[in-house]
Amino acid sequence: MDFRDEFKDSTIVITGACGVFGHWIATAFAQRGARLCLSDNRADALDALAADLGATGPGHIHHVTELTDEASIADLVSTVGAEWGAPDVVINNAGIYPSGFLLDIDAAEWDRIMDVNTRAPFLVAQGFAKAMIAEGKQGSIINISSGAARKMRRSVVPYCVSKTALDRLTKGLALELAEYGIRVNIVEPGFAPGSKVSDITPEHLEAVTGSIPLGRQSEPDDAPNAIMFLASSLAEYVTGTSIAVDGGNSIGSLAVFQAKKKAL
C-alpha cells in the first residue's frame, strides 16, 4: 500500500523536522497531500525545508520549538490548536545522540539528553493528547526511538537510558490513552548518519555500517513506511508496540569469534 489517499489533508506534527529522519518523514507525508506542522529549533532550516516540500501555503505550520523549554512546547501545542484544532498524527522525532563516557559527562549534559529525548516527548504527547480528547479525536502518536532502548552501548549510555525511558513512556501513554481511542507506538529507525546536531566520526560510521545484518544504512523510505503504517487505518488495532526498521542492527552482532568466518 502506498498510502496515497490515506493522509490527504490529514494534519501531521513532526518535531525535529529538519534532521535526517525528520526530513524523510516530512517528505513522505507531503507527497501524500498531508498538511504539515514542521517543528525544529532552527528557523533558517525550517524555512528551507518548507520551501523544499512546498509546505509554505495556507494550512501548513512552521514552529521554532526549543524542546528543552516547557513554554516553547506549550506554544507549539497552542499554535497548532489555533490553526487546526487537534492534529491527526503527532510524531516525536527530535532527538540528540551525543557521545561521552559516564565518567566524563557532567550533569548539564545528562539533563540536556533527557530533556530532549524523554521529557520533551512526554510534554508534546501530553499537550496534543489533551487536545485530541477535548475534540473526541482518535489520533495517533508515534515516538521515534532506537534499538539503543534494548541494547546498551559504551560511550552513549545516557542516550540508551533516554530511549529505554521513552519505550516505557510510550507503553504508559498507550495504556492511559486507550480509553480515548488514541494510539501510541514506537518506530526504531536504522542507522542514518548526517545529523547536524549529533556528530559521528568516520570510524563510528564504518564500524556501525559493517555490523548491520542486512548490510546497509537506512534509506529514505524505510522508517517513513513503518510510520505511515502505524498512523494509518491499517493499524487501528495496534498500540503500545515498537517496530524496529534497522536492518537487524539491534538484534545482535555479526562478529564471528572463530577461525571459520562464513557458513558454506
Checklist entry - Do you know which of the residues in the range 60-80 that are assigned to a helix (DSSP H, G or I) and among the hydroxyl-bearing types (Ser, Thr, Tyr) is nearest to Thr27 (Cα to Cα)? => result Thr79
Next on the checklist: Anything in the range 1-22 that is farther than 23 Å from Asp75 by Cβ and over 11 Å from the mean Cα position of the chain (by Cα)? List them, or say none.
Outcome noted: Met1, Asp2, Phe3, Arg4, Asp5, Glu6, Phe7, Lys8, Asp9
Checklist entry - Under 6 Å by Cβ, and 6 or more places apart or on different chains, what pairs join a residue from the range 251-263 that is exposed (fewer than 10 other Cβ atoms within 10 Å of the Cβ) with one that is in a loop (DSSP other than H, G, I, E, B)? => result none
Next on the checklist: Yes or no: the range 29-42 includes at least one residue that is among the aromatic types (Phe, Trp, Tyr), within 16 Å of the chain's Cα centre (by Cα) and more than 21 Å from Lys163 (Cβ to Cβ).
Outcome noted: yes
Checklist outcome for this item: Given (1) over 16 Å from the mean Cα position of the chain (by Cα); (2) at pLDDT 95 or above, Pro58 misses just (2)
Item to check | Failed condition for Asn249, given (1) among the polar types (S, T, N, Q); (2) in contact with a Gly (Cβ under 7 Å, 6 or more places away or on another chain); (3) closer than 30 Å to Asp44 by Cβ | outcome: (3)
Checklist entry - Residues in the range 26-37: is at least one over 22 Å from Ser233 (Cβ atoms) and either surrounded by fewer than 20 Cβ atoms within 10 Å (Cβ to Cβ) or among the basic types (Lys, Arg) (or both)? => result no
Item to check | Filter result (in a helix (DSSP H, G or I), in contact (Cβ under 8 Å) with a residue 24 or more places away in the chain and in contact with a Ser or Thr (Cβ under 6 Å, 6 or more places away or on another chain)) within the range 20-59 | outcome: Val20
Checklist outcome for this item: In the range 220-250, anything more than 22 Å from Val156 (Cβ to Cβ), touching a residue at least 24 places away in the same chain (Cβ under 8 Å) and assigned to a loop (DSSP other than H, G, I, E, B) is listed as Pro220, Asp221, Ser232, Glu236, Val238, Thr239, Gly240, Thr241
Checklist entry - Which of (1) free of Cβ contacts under 8 Å to residues at least 12 places away in the same chain; (2) assigned to a helix (DSSP H, G or I); (3) under 30 Å from Asp88 (Cβ atoms) does Glu206 not meet, given it meets every other one? => result (3)
Item to check | Verdict on Arg183 being in contact (Cβ under 8 Å) with a residue 40 or more places away in the chain, farther than 29 Å from Arg112 by Cβ and of a type in the set (D, E, K, R) | outcome: yes
Checklist entry - Identify, please: which residue in the range 155-203 is modelled with pLDDT under 95 and of a type in the set (D, E, K, R) and is, among those, farthest from Ala94 (Cα to Cα)? => result Glu203
Next on the checklist: With the structure loaded, tell me whether Ala17 is surrounded by fewer than 21 Cβ atoms within 10 Å (Cβ to Cβ) and either assigned to a helix (DSSP H, G or I) or modelled with pLDDT of 95 or more (or both) or whether it fails that test.
Outcome noted: no
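The values are calculated or read from the model by the stated rules, or taken from the named source; none is laboratory data. This is a predicted model, so every value here is computed, not measured. Cβ atoms come from the backbone with ideal geometry, glycine included; neighbour counts cover every protein chain shown.
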